[in-house]
Amino acid sequence: MKWLEGDVAAKWRKEGQRYAAGVNQYVHKGLTEGWDNAGNEPAEDTRGAHAAKIYKMIRRANEHKELAELREQLPAATWPLAGHFQHEMQAIRGIHFISDDEVVFSTGSPWENNAVMAVQEDVISVFKEFSLVGASPDNQFYALAGTQGITILQSMNSALQGEVVAELSWRELNGTIQALDPDFTVLNIDRLDQELPLEQVIPFNGGQALLLVTSQGIFLVEHSPEKPLNVKLLHPDLEEYKEDELEHIGIDMAHGAVSPDERWIAYGSQGSDHLLYDTTTGQVHLFNPESSYPHYTLFTKDQRSVWYNACHFYNGATLAVPLEHLEVGKPAADQEYPVVNEEARVYAAAALKDGVVIGDAYGYLRLIDTEGQELWRYYAGSTISGLAVNRDETLLAVGTYGGMLHFLDLHASARSDYEITTGTVREVKRIIAWKKQDIPLWW
């Protein structure tokens, strides 16, 4: 191991153990005895002083393909690197399992120059011609957004190849959106072939429909070979923007989700209620947020409810709306629903059989069951930006704004001495995908 600086690595391991043990003890006491009785928080982690040397060793270990030795000698952690490499870090989002050993994901924020990456076992492929990848609720259809438009594929592989269902150009999409109202400029773009800054793109209905979530509106796109492209503006209300004499649409914290049976579309933004669109009737249901600003939404795996999160600064509250209530008519807007979490500002979530894993602004993951009971929490080290779980729910892929993609073993028998968690969840590997990197690194 010519890349290893043994004295630095030893200090890294010793301090990592000390800090993780201290935080785990503090959190356990706070959760069991109350935070007023938890005592003092452990002393700050001092590993940041070694950040440059640690990253150099990571690079060289990758060059020598000594990855098992790397994880043993330098247990992974994000927060000690953040101070030194903050400007290199970026969001990892749009994460999807293609198969149990194949994952696709996107890098960067919507307004940046991004890429789509694919992982097959230990091989990472970078596709700079694409900026975002989205998947249908059943992971059978995929949408790839890039400079030319959006390509919809069925059964995509890690080479980003599959059966092409449709190819929609930006000129066609943007032109149809602009035609929604000839007297109002819906989009703030310079030209029709300009790529929209997508927060999310979700194909469904056999690839014949798309949910586009953007800061310039949330759109339902429907297409087929027999009919012209059809676009419906789900949010916001166009008339309100025209009445306020605004030049074009602009919303913050836009978010959306499609139900597993593809009947329901949940969505919202900072200035809205929680919204639910019935694709069979066109009816829209409204629900009052439990906190200040709607921020995220997800359907549970059993499809019995839709979870809505609203935030206030770095905190928030999540309510669960039972979908069966909507079968008997439109519920009252002020009807109360169960709150399943009153702490997290949720940035990403993944639905499991046992509940929902939510990822928050502070970098914590929490598995919460349908009754609102927290089963475990895990600290990933940076604000969560994306989550996905594989088919048998043994592996959780976690993207963060620290530019890391973590792979967590959900069925591990014991936690690592270097990780902060109340359960036995354990990281098995991770990818560093920072700006200006030609090739992402394993850690």
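The values are calculated or read from the model by the stated rules, or taken from the named source; none is laboratory data. Being a predicted model, the structure only gives us computed values, none of them experimental. Positions of Cβ are backbone-derived with ideal geometry, glycine not excepted, and every protein chain shown enters the neighbour counts.
Of the residues 211, 173, which is closer than 24 Å to residue 326 by Cβ, out of contact with any Ser or Thr (no Cβ under 8 Å at 6 or more places or on another chain) and buried (at least 19 other Cβ atoms within 10 Å of the Cβ)?
Details: 173 fails: closer than 24 Å to residue 326 by Cβ.
Selected residue: 211, the only one of 211, 173 that is closer than 24 Å to residue 326 by Cβ, out of contact with any Ser or Thr (no Cβ under 8 Å at 6 or more places or on another chain) and buried (at least 19 other Cβ atoms within 10 Å of the Cβ).
Go through (1) of a type in the set (D, E, K, R); (2) touching a strand residue (DSSP E or B) at 6+ places or on another chain (Cβ under 7 Å); (3) part of a loop (DSSP other than H, G, I, E, B) one by one and return the number of the condition residue 435 breaks.
(2) is the only condition that residue 435 fails.
Is it true that some residue in the stretch 93-102 is more than 30 Å from residue 265 (Cβ to Cβ) and of a type in the set (Asp, Glu)? Please lay out each step first, then the result.
So the first thing to find is which residues in the stretch 93-102 are more than 30 Å from residue 265 (Cβ to Cβ), and the list is 101.
Within this subset, residues satisfying the condition of being of a type in the set (Asp, Glu) are 101.
Among the residues of the stretch 93-102, at least one is more than 30 Å from residue 265 (Cβ to Cβ) and of a type in the set (Asp, Glu), which makes the answer yes.
Kindly list the number of the only condition in (1) in a strand (DSSP E or B); (2) buried (at least 23 other Cβ atoms within 10 Å of the Cβ); (3) in contact with a Phe, Trp or Tyr (Cβ under 9 Å, 6 or more places away or on another chain) that fails for residue 406.
Of the numbered conditions (1) in a strand (DSSP E or B); (2) buried (at least 23 other Cβ atoms within 10 Å of the Cβ); (3) in contact with a Phe, Trp or Tyr (Cβ under 9 Å, 6 or more places away or on another chain), the odd one out for residue 406 is (3).
What are the residues in the stretch 168-181 that are under 25 Å from the mean Cα position of the chain (by Cα) and either at positive phi or without any contact (Cβ under 8 Å) to a residue 60 or more places away in the chain (or both), if any? Spell out the reasoning first.
Applying the first criterion (under 25 Å from the mean Cα position of the chain (by Cα)) to the stretch 168-181 yields 168, 170, 173.
Of everything in the stretch 168-181, those that are under 25 Å from the mean Cα position of the chain (by Cα) and either at positive phi or without any contact (Cβ under 8 Å) to a residue 60 or more places away in the chain (or both) turn out to be 170, 173.
Could you please find all residues in the stretch 364-397 being closer than 16 Å to residue 422 by Cβ and hydrophobic (A, V, I, L, M, F, W, C)?
Correct list: 365, 367, 368, 375, 376, 380, 396.
Among 420, 439, 431, which is touching a Leu at 6+ places or on another chain (Cβ under 8 Å) and in contact (Cβ under 8 Å) with a residue 24 or more places away in the chain? Let's see the steps before the verdict.
Working: 420 fails: touching a Leu at 6+ places or on another chain (Cβ under 8 Å); 439 fails: touching a Leu at 6+ places or on another chain (Cβ under 8 Å).
Going through 420, 439, 431 in turn, just one is touching a Leu at 6+ places or on another chain (Cβ under 8 Å) and in contact (Cβ under 8 Å) with a residue 24 or more places away in the chain: 431.
Across the stretch 248-264, which residue is farthest from residue 94 (Cα to Cα) among those that are of a type outside the set (D, E, K, R) and either buried (at least 22 other Cβ atoms within 10 Å of the Cβ) or more than 21 Å from the chain's Cα centre (by Cα) (or both)?
To start, the set of residues in the stretch 248-264 that are of a type outside the set (D, E, K, R) comprises 248-251, 253-260, 264.
From the residues that got through so far, the ones that are either buried (at least 22 other Cβ atoms within 10 Å of the Cβ) or more than 21 Å from the chain's Cα centre (by Cα) (or both) too are 248-250, 254-258.
Numbers: 248: 27, 249: 24, 250: 22, 254: 15, 255: 13, 256: 13, 257: 12, 258: 14 Å.
That would be 248.
Would you please name the residue that is modelled with the lowest pLDDT, looking only at residues in the stretch 226-243 that are among the acidic types (Asp, Glu) and in a helix (DSSP H, G or I)?
Our first condition is that a residue be among the acidic types (Asp, Glu); within the stretch 226-243, this holds for 226, 237, 239-240, 243.
With in a helix (DSSP H, G or I) added as a condition, the list becomes 239-240, 243.
Numbers: 239: 92, 240: 92, 243: 89.
Of everything passing the filter in the stretch 226-243, 243 is modelled with the lowest pLDDT.
Can you tell me which residue within the stretch 336-350, out of those that are in contact with a strand residue (DSSP E or B) (Cβ under 8 Å, 6 or more places away or on another chain) and not in a strand (DSSP E or B), is surrounded by the most Cβ atoms within 10 Å (Cβ to Cβ)? Give the steps one after another, and end with the answer.
Residues of the stretch 336-350 that are in contact with a strand residue (DSSP E or B) (Cβ under 8 Å, 6 or more places away or on another chain), as a first pass: 337-350.
Restricting the remaining residues to those that are not in a strand (DSSP E or B) gives 337-338, 342-343, 345.
Working: 337: 19, 338: 14, 342: 13, 343: 17, 345: 25.
Ranking the candidates gives 345 first.
Can you name the condition, by its number, that residue 202 falls short on among (1) under 22 Å from residue 284 (Cα atoms); (2) touching a Lys or Arg at 6+ places or on another chain (Cβ under 7 Å)?
(2)
Would you pick out the residues in the stretch 229-239 that are of a type outside the set (Val, Ile, Thr) and under 30 Å from the mean Cα position of the chain (by Cα)? Working first, answer last.
Going through the stretch 229-239, the residues of a type outside the set (Val, Ile, Thr) turn out to be 229-230, 232-239.
Hits for the stretch 229-239 are 229, 230, 232, 233, 234, 235, 236, 237, 238.
Against the definition (within 12 Å of residue 310 (Cα to Cα), at pLDDT 95 or above and among the β-branched types (Val, Ile, Thr)), how does residue 339 come out, yes or no?
Answer is yes for this residue.
Would you point out which residue out of 38, 10, 21 is closer than 27 Å to residue 89 by Cα and either touching a strand residue (DSSP E or B) at 6+ places or on another chain (Cβ under 7 Å) or without any contact (Cβ under 8 Å) to a residue 24 or more places away in the chain (or both)?
On the way: 38 fails: closer than 27 Å to residue 89 by Cα; 21 fails: either touching a strand residue (DSSP E or B) at 6+ places or on another chain (Cβ under 7 Å) or without any contact (Cβ under 8 Å) to a residue 24 or more places away in the chain (or both).
Checking each option against the conditions leaves just 10.
Working carefully through the options 119, 186, 133, 165, find the one that is crowded, with 16+ Cβ neighbours inside 10 Å and in contact with a helix residue (DSSP H, G or I) (Cβ under 6 Å, 6 or more places away or on another chain). Explain how you work it out, then say what you get.
On the way: 119 fails: in contact with a helix residue (DSSP H, G or I) (Cβ under 6 Å, 6 or more places away or on another chain); 133 fails: in contact with a helix residue (DSSP H, G or I) (Cβ under 6 Å, 6 or more places away or on another chain); 165 fails: in contact with a helix residue (DSSP H, G or I) (Cβ under 6 Å, 6 or more places away or on another chain).
When all the criteria are applied, what remains is 186.
Return the residue satisfying two criteria in turn: it lies in the stretch 265-290 and is over 15 Å from residue 252 (Cβ atoms) and of a type in the set (Ser, Thr, Tyr), and of such residues it is surrounded by the most Cβ atoms within 10 Å (Cβ to Cβ).
277
In the stretch 53-83, what count of residues is obtained for those that are surrounded by fewer than 16 Cβ atoms within 10 Å (Cβ to Cβ) and either within 25 Å of residue 359 (Cβ to Cβ) or of a type in the set (Asp, Glu) (or both)?
Final tally of qualifying residues: 4.
Residue 288 - would you say it is closer than 23 Å to residue 152 by Cα and out of contact with any strand residue (DSSP E or B) (no Cβ under 7 Å at 6 or more places or on another chain)? Spell out how you get there, then give the answer.
On the way: closer than 23 Å to residue 152 by Cα: no; out of contact with any strand residue (DSSP E or B) (no Cβ under 7 Å at 6 or more places or on another chain): yes.
When the stated conditions are applied, residue 288 does not pass them.
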